[in-house]
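> The structure under discussion is supplied below as structure tokens; questions concerning it will follow.
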Amino acid sequence: VFSCWKMQFIMFVHNLTMQTNMCQVTPVTPQCVLCEVHPKTACGYVVHLKKHHKTTLKACEIYLTCACGLNHTTHNDYKKNDKKCSGLHFTLQKLENE
């Protein structure tokens, strides 16, 4: 037999869960510089630019910095990242003019 406060607590948790499930989740990864897509990984970002926009990181004057410390400046860098970590946490950086 549940006491009144236990039932209220269960209803509170249920309502909180329902509200959380209805919220729109904000993407954590950077948005593509050329469209509205948010690739999920650093590798996905590089592949997205190549497949959908027929361009490269260098042509867009950007590079990706992964949480593991690897910088993506070319298309081939993502292969190193796949071996080192999953590439799920990365940031977008503007290339400095030399």
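The values are calculated or read from the model by the stated rules, or taken from the named source; none is laboratory data. Worth saying up front: this structure is predicted, and the values here are computed from it rather than measured. Ideal geometry is used to build each Cβ from the backbone, glycine not excepted, and the neighbour counts take in all protein chains shown.
> Output the residues belonging to the range 37-78 that are within 13 Å of Q93 (Cα to Cα) and among the basic types (K, R).
Within the range 37-78, K58 is the sole residue that qualifies.
> Can you tell me which residue is modelled with the lowest pLDDT among those in the range 62-76 that are assigned to a loop (DSSP other than H, G, I, E, B) and surrounded by 13 or more Cβ atoms within 10 Å (Cβ to Cβ)?
Taking the candidates together, the pick is H75.
> Something else now. Cβ-Cβ under 9 Å, sequence separation 6+ or interchain: first residue in the range 61-83 and closer than 13 Å to K50 by Cβ and of a type outside the set (G, A, S), partner modelled with pLDDT under 80 and assigned to a strand (DSSP E or B). Which pairs?
Between residues of the range 61-83 that are closer than 13 Å to K50 by Cβ and of a type outside the set (G, A, S) and residues that are modelled with pLDDT under 80 and assigned to a strand (DSSP E or B), the close pairs are Y78/H72.
> Can you confirm whether the range 42-51 contains a residue that is in a strand (DSSP E or B) and either modelled with pLDDT of 85 or more or of a type in the set (V, I, T) (or both)?
For the range 42-51, residues in a strand (DSSP E or B) and either modelled with pLDDT of 85 or more or of a type in the set (V, I, T) (or both): absent.
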